[in-house]
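I have placed the structure first, in the form of structure tokens, so that the comments after it can refer back to it.
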Number of protein chains: 4
Amino acid sequence: MASNSLGTIFKITTWGESHGKAIGVVIDGCPAGLSITDDEINQALSLRAPGRNPYTSPRTETDKAEILSGIFEGKTTGAPICILIPNKDADSSKYEPIKDLLRPGHANYTYLEKYGIFDYRGGGRSSARETACRVAAGAIAMKLLSHYSIHLTAYIKQIGNVSANINAIKNEDLRILTYQSPLYCPDKIATDEMALIIEKAKTEGDSLGGIIEFIVSSMPVGLGDPVYEKLEANLAKAMMSLPATKGFEIGSGFHSITMKGSEHNDPFIVEEGKVTTSSNYAGGTLGGISNGMPLVGRIAFKPTSSIMQPQKTVSTSRENSTFKLPEGSRHDPCVAIRAVPIVEAMVALVLADAILLNRCSKI
Amino acid sequence: MASNSLGTIFKITTWGESHGKAIGVVIDGCPAGLSITDDEINQALSLRAPGRNPYTSPRTETDKAEILSGIFEGKTTGAPICILIPNKDADSSKYEPIKDLLRPGHANYTYLEKYGIFDYRGGGRSSARETACRVAAGAIAMKLLSHYSIHLTAYIKQIGNVSANINAIKNEDLRILTYQSPLYCPDKIATDEMALIIEKAKTEGDSLGGIIEFIVSSMPVGLGDPVYEKLEANLAKAMMSLPATKGFEIGSGFHSITMKGSEHNDPFIVEEGKVTTSSNYAGGTLGGISNGMPLVGRIAFKPTSSIMQPQKTVSTSRENSTFKLPEGSRHDPCVAIRAVPIVEAMVALVLADAILLNRCSKI
Amino acid sequence: MASNSLGTIFKITTWGESHGKAIGVVIDGCPAGLSITDDEINQALSLRAPGRNPYTSPRTETDKAEILSGIFEGKTTGAPICILIPNKDADSSKYEPIKDLLRPGHANYTYLEKYGIFDYRGGGRSSARETACRVAAGAIAMKLLSHYSIHLTAYIKQIGNVSANINAIKNEDLRILTYQSPLYCPDKIATDEMALIIEKAKTEGDSLGGIIEFIVSSMPVGLGDPVYEKLEANLAKAMMSLPATKGFEIGSGFHSITMKGSEHNDPFIVEEGKVTTSSNYAGGTLGGISNGMPLVGRIAFKPTSSIMQPQKTVSTSRENSTFKLPEGSRHDPCVAIRAVPIVEAMVALVLADAILLNRCSKI
Amino acid sequence: MASNSLGTIFKITTWGESHGKAIGVVIDGCPAGLSITDDEINQALSLRAPGRNPYTSPRTETDKAEILSGIFEGKTTGAPICILIPNKDADSSKYEPIKDLLRPGHANYTYLEKYGIFDYRGGGRSSARETACRVAAGAIAMKLLSHYSIHLTAYIKQIGNVSANINAIKNEDLRILTYQSPLYCPDKIATDEMALIIEKAKTEGDSLGGIIEFIVSSMPVGLGDPVYEKLEANLAKAMMSLPATKGFEIGSGFHSITMKGSEHNDPFIVEEGKVTTSSNYAGGTLGGISNGMPLVGRIAFKPTSSIMQPQKTVSTSRENSTFKLPEGSRHDPCVAIRAVPIVEAMVALVLADAILLNRCSKI
């Protein structure tokens, strides 16, 4: 089943295993005339790269993406854009000893059952390595968004029990402060507290979960298509297609269930001649179509499945066993952190597609 | 943009406005040889029908669906199945007085901006009336699931601050108890408490939100396709395409972020020769593919947007105004209740498609 | 497999069997703001209706289509448009005696093998009755084309060995003359000759094949998407999805193989400041994209499979037998004739989709 | 618009320009467990390579494809397979002098109009170079077909006015004899005549067209999906998406129009207990579904557009000019010849998809 593509008009197809020769992505349907350089792709990738702080995987993953097609004289031509990212640090020999064990919280069991075969080198296709391709494609989508003056930010909203407070932060500073923080959290006080609990988890060979929030300001009205291509439906799918995600919410989200309709309905007002709402519990859409208010949502990431503690499991031959990651294995104690630019990429991809589709709504 | 379809192989397309002549659904891709009757469709629709309790909309919506194609001598033929549901109670004159007002929490503003035109009769296409088509199609999907001995239940997990407790309920009783409850909540004590707060909200002309949980037992291993057609990704999209939904989570969901990896990773064990896990924080999937454990997820429904209280708003001509539903308007004080069979339908549709797609995973 | 849809943005889904309760079509993705009435649909259907001349099936198929959704106050709303066409003349009892015989040139054998079940009433889903839905949808597509001042005509180019000559006919008269002819052939002399050979075939209980040519003038430049959605590729698929078609060609078609490149390459010239070509062997596209010249193609229709002569065949139980249509069966001696408005519809559907898709080619 | 993909389950996406860094293809949806090597891909590519005879382009296009993903320990894993083909002979400087001229019979005009930009280096995306990717993907599809014991052959049926006669050739020898011929024509006498007229055309700086026929024996019954995914509809689309194609026909094709129904209907007979037909005018399908008879079709290729003679044209600034290919340009005097393995690849891709889709036709 062809299941490695996302999008209708602005469509990406990713390929490659974490420890194969390379990974890559084809972006098909990007309109002609957009300026793009290899550097822009690599800048986006560097935000996802490990080693930016002591709490992410130290794998020296100095990705160097190369655009192989679709750009001519610096601009998109309407032809499919292929971006290749070689796998430089792909020693898979350390996976040999554990290749016959089911990994708790991982996909090797389900892949084996589904396909009868599993590329066990570092998670194969189920590895978060695949998300580098999403970030590369997202950089192009983001370029298209900036053409429409749409700006988006994602940041760490919560790790474990520690929450960020962004009330005091101006919208235009949010992204800068986020990427200044080693934990991609714009709230400095929260960052410090998060660092402590991550350090502790790491010492214990354990891991933590987290929440990422995304905010898109300067949204146009009209993006999203009823009834099955609602904007929040496509955002939800995009996010839940990421490894380690357990939940998605838009606007008030799960909190809405304890509110009353009279509180939750955002009243329409006119501001500077423009229709807007005085609150934004909806999170930027009504009936699945953007209403011009900021698009706001949150994604829950489970605690990293790869932990250094020994875990009970069974082998592929159904015998009781213990799973223990090889010494020197490198894993993020909290996957949510590096997922911040990935979430941004997913939002950008969904919006780029919605913008193009919306060109067909009226005669 | 063609956005009224869901699914790849088992694909539905819905059409019709709440106050037009009829609504309907085409199910294309249902395998040949499945027994289906009009009655089975209508039984499913009756669970969604209003008037079953004092807390749902009293609109006398005695839907009578008719299968127009795709069935021959009681069985599916592989041809597309069209189901027609006439709109019997479709007096739209009462919407005339409010047709020039933006409705808080509703979609008429965004539809108007996107399409330049809005079928204001009762919400037009954005109305929850459309979900009757999903339930009709879901009845056929559920028939396919039962062919694979897959059983599913959805129920009211929470309304406002009142939660159901199903720990004492046996899995095989869950669905029966659910549909015996006027609030589709299998926990009798919670049902009574929920009834009280709904009654109060109704009296105040207000509304409440709620959470629905779904549980699918006897899941086969292998459903769902990496990386963009993960089972939870398609479930999330299906649920977030429903009116009034604000969030989706699978397994541990948002709760996972306060857990540690060592707690959250479900250990593999062998039980009666079969691989299983001793806990189910994953909620039934690993790497987006079903692992044979129960598939468990939750959906947040916002408090009903249609409330009887007057609300501040603006008109289509950008003037300040007050929105007030006409006397005699009939709306559920809590939309989550009637959404229970709809959530079941959406789960069934996603699984039916995943089952067929999975036939192509191996040579 | 969901295979009853055509198109990406402007997408149709048809359903219904020839002798079921009704047939119908859902048009999803038609832009909002287009004026449409039931009458326009029915006028288009009347061109396809039998009984207009002695050479088409006399079945009194007075189709009366009804638009059930998607139109509000006379205009499309962006919502899916469902058109229902009841089956009035659907006595299927006469098919009982032949239901266990494989019909030469028909699909009952392949349907039976593929699905294990066959709706034998009049051909079920494989009947040309399905094409009424294409014509109904095509009427809406044609309305969209006329919004862009694109005009199209199809006509009978050849029946048996008799060819039409349209050299003397002005482009603007072509469609009128076509539909004035009982054989949809604008050449009056050819019409008379065709009538003779059709009459003869009919008397012999036999049938004839034919070629339809379509011509689209005032084509915009830029329709069609490389490399797999070339305009001629989608036209070919649309035409070869029609019952009884055996071939498709564009521009010079099969005749091109006896030409030289120096003859076949259409030289570019500038006419009234506009780029055009001095010949049109290409048939209106270059590299799969329309070049502004008339779009010209031809479709071969085999002789009608339903003939009144007895034919050798076998039964579903693999025994030798003779197939003989019941007395009073009504079939066109040449299916190509009534296919003229169907071909027009298919061209219109492909172009409507291409026009919308082309809105996304540039930033 | 995402238009560089073909197929539903077995889906290919191609990318790359003729004179860019590389071209490539992603095959998504290939079932797990199929043995594939780089060598098999390269063997298929070598059949398409130029330089095999004096009548194809002498460009030294020693393609060396590399599989970058989706294969583990020699077998497909169900993950997307990316095949990369570097462009070795990609000096585009010679295109500089003609970059501002519209090329007769080529796509630079339509690309420029559609996208506002054109990668003029050797035809960019519109170049036949793209078809190497189809051949690479087709090699995998053909491997899947051989798993089902389906064998296919394409060959040169006609060049200019010279036709091949294969009546005396046994089915099992057809492919071998085809690839032994420098012109991919199994009829030796015809090969010699064809060689003469090609030589003449080449000397004159001119070009010739041709017809390719494909024959698939050992077809299973049941492939193809009514009504818009008929097997011949998808074959037609696949073929008409190839550069230089002007027509497609199946079975009797355009010849059918001069036959009578009583001749054309293939009578069903039982042979060795199996249902078959005593003739095969249908060409292997009935109602769009394969009937077990050989699948037979033909494709018309226009004379090569690149000729060495000077041609009248206009410039991008709308001035009269003359187009002349640079000395030393290398082009096939008849593109049909090298298209033989490409046609084989397209048939294989369509059938692989149809085989997988057919797994979903029954419960």
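The values are calculated or read from the model by the stated rules, or taken from the named source; none is laboratory data. Quick caveat: nothing in here was measured; it's all calculated off a predicted structure. Counting neighbours? That spans all protein chains shown, and the Cβs are built from the backbone with ideal geometry, glycine included. Heavy atoms of the whole protein, side chains included, go into the accessibility calculation; ligands, DNA and RNA do not. Shrake-Rupley method; radii C 1.70, N 1.55, O 1.52, S 1.80 Å.
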| said: Checking the condition assigned to a helix (DSSP H, G or I) and without any contact (Cβ under 8 Å) to a residue 24 or more places away in the chain, which residue from C:THR131, C:THR178, C:THR110 passes? | reply: C:THR110
| Does segment D:9-24 hold any residues that are more than 7 Å from chain A (Cβ to nearest Cβ), in a loop (DSSP other than H, G, I, E, B) and not aromatic (Phe, Trp, Tyr), and which are they? | D:SER18, D:HIS19
| task | Those residues that are within 29 Å of C:GLU229 (Cβ to Cβ), surrounded by fewer than 21 Cβ atoms within 10 Å (Cβ to Cβ) and at the interface with chain C (Cβ under 10 Å from one of its Cβ atoms), I need them from segment D:140-169; list them, please. | result | none
| said: For segment D:101-124, check the following and say yes or no: at least one residue is farther than 24 Å from C:GLU229 by Cβ and open to solvent by 10 Å² or more (accessible area, probe 1.4 Å). | reply: yes
| request: Looking only at segment A:149-158, decide whether some residue is farther than 24 Å from A:PRO50 by Cα and among the aromatic types (Phe, Trp, Tyr). | output: no
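So which residues in segment C:25-43 are surrounded by 18 or more Cβ atoms within 10 Å (Cβ to Cβ), touching a Ser or Thr at 6+ places or on another chain (Cβ under 7 Å) and within 11 Å of chain B (Cβ to nearest Cβ), if there are any at all?
To start, the set of residues in segment C:25-43 that are surrounded by 18 or more Cβ atoms within 10 Å (Cβ to Cβ) comprises C:25-32, C:34, C:36, C:41-42.
Those still in the list that are touching a Ser or Thr at 6+ places or on another chain (Cβ under 7 Å) too: C:25-26, C:28, C:30-32, C:34, C:36.
Once the filter is applied, which keeps residues that are surrounded by 18 or more Cβ atoms within 10 Å (Cβ to Cβ), touching a Ser or Thr at 6+ places or on another chain (Cβ under 7 Å) and within 11 Å of chain B (Cβ to nearest Cβ), segment C:25-43 yields C:VAL25, C:VAL26, C:ASP28, C:CYS30, C:PRO31, C:ALA32, C:LEU34.
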| query | Within segment B:232-250, restricting attention to residues that are assigned to a loop (DSSP other than H, G, I, E, B) and open to solvent by less than 10 Å² (accessible area, probe 1.4 Å), which residue is farthest from the other protein chains (Cβ to nearest Cβ)? | reply | B:LEU242
| task | Exactly one condition in (1) surrounded by 24 or more Cβ atoms within 10 Å (Cβ to Cβ); (2) modelled with pLDDT under 95; (3) out of contact with any helix residue (DSSP H, G or I) (no Cβ under 6 Å at 6 or more places or on another chain) is not met by C:ALA137; state its number. | result | (2)
| Does B:SER69 qualify as being on the phi < 0 side of the Ramachandran plot, open to solvent by less than 10 Å² (accessible area, probe 1.4 Å) and at pLDDT below 95? | no
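Go through segment D:251-265 and report how many residues are in a helix (DSSP H, G or I) and either open to solvent by 10 Å² or more (accessible area, probe 1.4 Å) or over 30 Å from C:LEU231 (Cβ atoms) (or both).
Residues of segment D:251-265 in a helix (DSSP H, G or I): D:253-258, D:261-264.
Subset that is either open to solvent by 10 Å² or more (accessible area, probe 1.4 Å) or over 30 Å from C:LEU231 (Cβ atoms) (or both): D:254-255, D:258, D:261-264.
Residues that pass the stated criteria total 7.
Suppose the filter is in contact with a strand residue (DSSP E or B) (Cβ under 7 Å, 6 or more places away or on another chain) and more than 30 Å from B:SER315 (Cα to Cα); does A:PHE268 pass it?
On the way: in contact with a strand residue (DSSP E or B) (Cβ under 7 Å, 6 or more places away or on another chain): yes; more than 30 Å from B:SER315 (Cα to Cα): no.
Answer is no for this residue.
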| query | Quick one: in segment B:92-117, which of the residues that are small (Gly, Ala, Ser) and within 14 Å of chain A (Cβ to nearest Cβ) is farthest from A:LYS260 (Cα to Cα)? | reply | B:GLY116
| request: Output yes when any residue across segment C:196-209 is polar (S, T, N, Q), assigned to a helix (DSSP H, G or I) and open to solvent by less than 20 Å² (accessible area, probe 1.4 Å), and no when none is. | output: no
| A:GLY328 passes all but one of (1) more than 10 Å from chain B (Cβ to nearest Cβ); (2) within 26 Å of B:HIS255 (Cα to Cα); which number fails? | (2)
| query | Taking into account only those residues within segment A:125-134 that are at the interface with chain B (Cβ under 7 Å from one of its Cβ atoms) and out of contact with any strand residue (DSSP E or B) (no Cβ under 8 Å at 6 or more places or on another chain), which is most open to solvent (accessible area, probe 1.4 Å)? | reply | A:SER126
| Residue match in segment B:77-91 (condition: within 13 Å of chain A (Cβ to nearest Cβ), open to solvent by 40 Å² or more (accessible area, probe 1.4 Å) and over 30 Å from C:SER18 (Cβ atoms)) | no
| Any hit, segment B:345-359, residues being farther than 29 Å from B:ARG48 by Cβ, free of Cβ contacts under 8 Å to residues at least 40 places away in the same chain and touching a helix residue (DSSP H, G or I) at 6+ places or on another chain (Cβ under 9 Å) | yes
| Candidate set: segment A:212-231, residues that are touching a residue at least 60 places away in the same chain (Cβ under 8 Å) and among the charged types (D, E, K, R); chosen: the one most open to solvent (accessible area, probe 1.4 Å) | A:GLU229
| task | Go through (1) modelled with pLDDT of 95 or more; (2) closer than 15 Å to A:SER18 by Cβ; (3) in contact with a strand residue (DSSP E or B) (Cβ under 8 Å, 6 or more places away or on another chain) and name the single condition A:ASP119 misses. | result | (1)
